[in-house]
Structure formats: C-alpha cells, structure tokens
Amino acid sequence: TCSCIGNWDTLDVRPKAKGVDTRQELLKFYEDKYSANLMHLVVYSKESLDKIQSLVEDKFQEIRNSDRSRFQFPGQPCTSEHLQILVRAVPIKQGHKLRIVWPITPSILHYKEGPCRYLGHLIGHEGEGSLFYVLKKSGWATGLSAGEGEWTSEFSFFNVVIDLTDAGQDNMQDIVGLLFKYIQLLQQSGVCKWIFNELSAVCETGFHYQDKISPIDYVVNISSNMQIYPPKDWLVGSLLPSDFNPAIIQKILNELSPENVRIFWESKKFEGLTDKFEPWYGTAYSIEKVSSSKIQAWMSSAPNENLHLPAPNVFIPKDLSIKNAQEEVKFPVLLRKSSYSKLWYKPDTVFSTPKAYVKIDFNCPHAGNSPETEVLGDLFARLLLDYLNEYAYYAQVAGLLYGISHTDSGFEVTLVGYNHKLRILLETIIDKIVKFEVKPDRFSVIKVMTKRQYNLLFSLQK
C-alpha cells in the first residue's frame, strides 16, 4: 500500500539535512526486507489450475527468496504524556466533531473472541437507551460510531467519534460524561452471552450470504489475511467471532478508562484560541491535561438519563430457506393494478440467496413544482429516516438495509436484505409515513444539517 503523503521537504530537504539519502534508504529497505518467503499471492481466475500455475510461475518466479524473518515494530506509541489529554483543533470543514480514543490491547490477538466488535456494537448502538439515542434526544449529536481503529499486533486504538450539533458543541463535558456513564453501565452489567450470541449469528449469516465484491478487492482482502491469520481462517479473517470469553471482553472494557483517555475536539469555533501548529498540514491546535478526577466530575454533572442495554433483536433472520419460483421469467410481471398503484414482481433465479429487494415509488403531484417543494420533499425524507432510526437500527444490525430518498416525482422507499423479517420493517416504515408528524426539535436539527450539506455542495460546484 502507498500512503501517498509526502513532499520535497519531507522526502529530500529534511533527510539530507540529517545526512540521509532517501533513495538509498529505500533501496536498502528493498534489499533487506523484500523476500518471497514474506509474500503472499492470491489469483482469481476462470482458467484451469494448470493454466493459473503456469501464469504464476511465469510472472513471479524471478522474485528471490532471501529467507528473511518477518519484521516487526515493537513498543507502544503512547507514553503518560500522551494520555489524559484534551486536544482542541481547527478543522477545514464546517461542523463540530468529538473523537474519544484509548490505546488498547489489539483485538487481533483475540479475533475469535471479538472483544472490540462486542464493545463497538454496544457503545455505537443507536436504539432506545443507547448513548446516541440520549445524545440525539438532547439535540447534541447527529452521528456516532465506535470501534477499533488503527492497529498492529503490538498496539491498537478504540475510537468513539461523535458528530456534534451547535448545542452539542456547547455541552462537550456532559457528552463525555454520558459516554463514561455508559461505559460504567457496561462494567456493572457484565458481559452478556445473549448479546454475543446475537452478534455471532449476524456475523455468520452475513458471511455465508455476502454479495460478491470486485475481484481486485477480494484478492487484496485474502492476501492480506494470509499475512495475519492461520490458513484455516484465510477466507474469514476476523469476520466470525465464535468463542465467548467474558474475561477478554472485560479486559478491553477496563482499558476504556479515564486514566487512558485521549480526547480530540474539532471545531471552527476554536479559531484564534489555539497556541500550536501541526507542521505538515498547518492545523492549529492546543493541548491541555484532563485528569481522571475531572472526568469523574463530568460524569457526576451529566444529565441523569435512562441509559440501558439494547433489547433483543427481532430482525435477526431464522428462516433462510430459498423460495421456489413458479417459473423462470426474464422481465418483471405486473401482479396487480389499481387506479392508484401498480405492483411488479420478478423472482430471482440466478443468485439463490434468501434475500429480497423492494422499491416503492410514491408519486406526489406537487413535489417538483418549485424550489421550495423540492427542499420540503428532501426534508420530509430526511425526517422520516430520523424518526425511524432507533427502531430500524436493529434491522440494519441484522442485515436489513433500508433507505428513504426524495425524487423528482415524490419520494421512494427501498429495502434490501434477508427476506424473513423484511415485512416487519416495511410495515413499520409505511405506518410511520401514514402517521407522519413534524417534531419541531428534530426539524431544527435536520434543517441545520441540510443547509450545511447544501452549502458544501454549492461550494464544490463553484
């Protein structure tokens, strides 16, 4: 892989000032590390094995085997000075973002136990009682993700990234306090076997019924896996957590502590309030220490919200049988027609997966009459998605994806995923459309988000 980052100053001027010739160092690295015994190859082809073997030998036999040992970079990147810090930074983009990061034990060492997948699932959950649900209800956040970020076999980082509203920007301490209160809830609740079993089932179904990806991505994924996993796991990697081990999950959870935290807070509002500059990109920033006692104080002053674990997921499919098509058809068939609707159907006779695709186009006669109706139609679709989020998030976790988008003639609803529980989600979405109401507090948040995206779009067009 290539980081594609560097310039004349970093690649020539500065190295030469230290007596280093970058090209010679690159050649030295090549001579020292480039060896066939450290390399892996995956070939994806329709040709016979004999033909593939001939091609591989022709193209790759000249790569020498110097019998090198695998090189590693031991050590930890963070010392005490890098922990318990709050960094304020001025970004290029508009908006506010909060990143809370902890150095942790790499989960690659426990990929069958999946500790970060378990914790990321809970901390990043969006259902009722979750951290994001509370932040969204308070009008403080528009997005949240959680999980393992950059990793090696020596060290790793667990990240929680929160997109803040203007009100969230003004309540950063409460947000961090709520995050640590949720982590405390996980500590007190213990590691739940039923949650791990749900995750394991979702992962297994997702692996066995995954859609094909592009051949180049497929071979890169597998050849990368060959560097990391034993042969029996080359195809699955860490996609199938199957060994329930509460102690390992608890170990990683204990590392998400106030003593190890690194907080990065980004906002244009910090312009003129920072005292440092990052040398490569010129980012303005400042650093201050945040003691564990201060985090405890933020937890104490945070709102007393009803944070709780997610409910069992009703959308996890149980029936994965394939429906028999009555006959093979090339084109969709009109099943039903009325004065206001048409229903078309086409059975899948090619891929044979227990999945369905549903698209419903709603024709609204006045949707494209003016710029105002276009914007209102867009806001309507966004509000629907927003209202459905904490319920339909369970469906997304279980592999049922849905979308609601504004069109020139109205709006459309799309669902794709496992057939078994799709109808439950579809009926919920239709019910929400029928009973649609504008909630002023959510409208104001969605309006700000929409304006921000429109402004970005217009600036790119210029």
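List of remarks:
- All conditions but one from (1) within 17 Å of THR428 (Cβ to Cβ); (2) open to solvent by 60 Å² or more (accessible area, probe 1.4 Å) apply to PHE351; the one that does not is (1).
To keep it simple, each residue is scored yes or no on (1) touching a residue at least 60 places away in the same chain (Cβ under 8 Å); (2) more than 30 Å from ASP319 (Cα to Cα).
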residue: GLN396; (1), (2): no, no
residue: GLY403; (1), (2): no, no
residue: TYR418; (1), (2): yes, no
residue: LEU422; (1), (2): yes, no
residue: THR450; (1), (2): yes, yes
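- Pairs where the first residue, in segment 160-175, is under 19 Å from ILE123 (Cα atoms) and in the same structural domain as SER138 (by the TED database) and the second is open to solvent by less than 20 Å² (accessible area, probe 1.4 Å) and in a loop (DSSP other than H, G, I, E, B), C-beta under 9 Å, 6+ apart: VAL160/GLY124; VAL160/LEU256; ASP163/GLY95; LEU164/GLY95; GLY168/GLY139; GLN173/ALA302; ASP174/ALA302; ILE175/ALA302
- Among residues that are open to solvent by 30 Å² or more (accessible area, probe 1.4 Å) and either assigned by the TED database to the domain that holds ILE287 or out of contact with any Asp or Glu (no Cβ under 7 Å at 6 or more places or on another chain) (or both), SER238 is included.
- Residue in segment 149-168 that is assigned to a helix (DSSP H, G or I) and surrounded by 19 or more Cβ atoms within 10 Å (Cβ to Cβ) present: yes
- Output for segment 338-348, where each listed residue is open to solvent by 100 Å² or more (accessible area, probe 1.4 Å) and either part of a loop (DSSP other than H, G, I, E, B) or polar (S, T, N, Q) (or both): SER339, TYR340
- Residue pairs whose Cβ atoms lie under 8 Å apart, sitting 6 or more positions apart in sequence or on different chains, and linking a residue in segment 319-340 that is touching a residue at least 40 places away in the same chain (Cβ under 8 Å) to a partner that is of a type in the set (Phe, Trp, Tyr), are LEU320/TYR209; LEU320/TYR418.
- When TYR394, TYR402 are screened for being out of contact with any helix residue (DSSP H, G or I) (no Cβ under 7 Å at 6 or more places or on another chain) and hydroxyl-bearing (Ser, Thr, Tyr), only TYR394 passes.
- Put simply, of ILE216, ILE222, ILE228 the only residue that is closer than 27 Å to ALA36 by Cβ and exposed (fewer than 13 other Cβ atoms within 10 Å of the Cβ) is ILE216.
- Among the residues making up segment 53-75, those that are farther than 14 Å from TYR30 by Cα, surrounded by 11 or more Cβ atoms within 10 Å (Cβ to Cβ) and of a type outside the set (S, T, N, Q) are LEU55, VAL56, LYS59, PHE60.
- Residues satisfying the stated conditions in segment 117-142, i.e. β-branched (Val, Ile, Thr) and either open to solvent by 10 Å² or more (accessible area, probe 1.4 Å) or assigned to a loop (DSSP other than H, G, I, E, B) (or both): THR142
The values are calculated or read from the model by the stated rules, or taken from the named source; none is laboratory data. None of the values given here were measured: they were computed from a predicted structure. Heads up, the Cβs are rebuilt from the backbone with ideal geometry, glycines too, and the neighbour counts pull from every protein chain shown. Accessible surface is based on the protein model in full, side chains and every heavy atom, while ligands, DNA and RNA are left aside. Shrake-Rupley method; radii C 1.70, N 1.55, O 1.52, S 1.80 Å.
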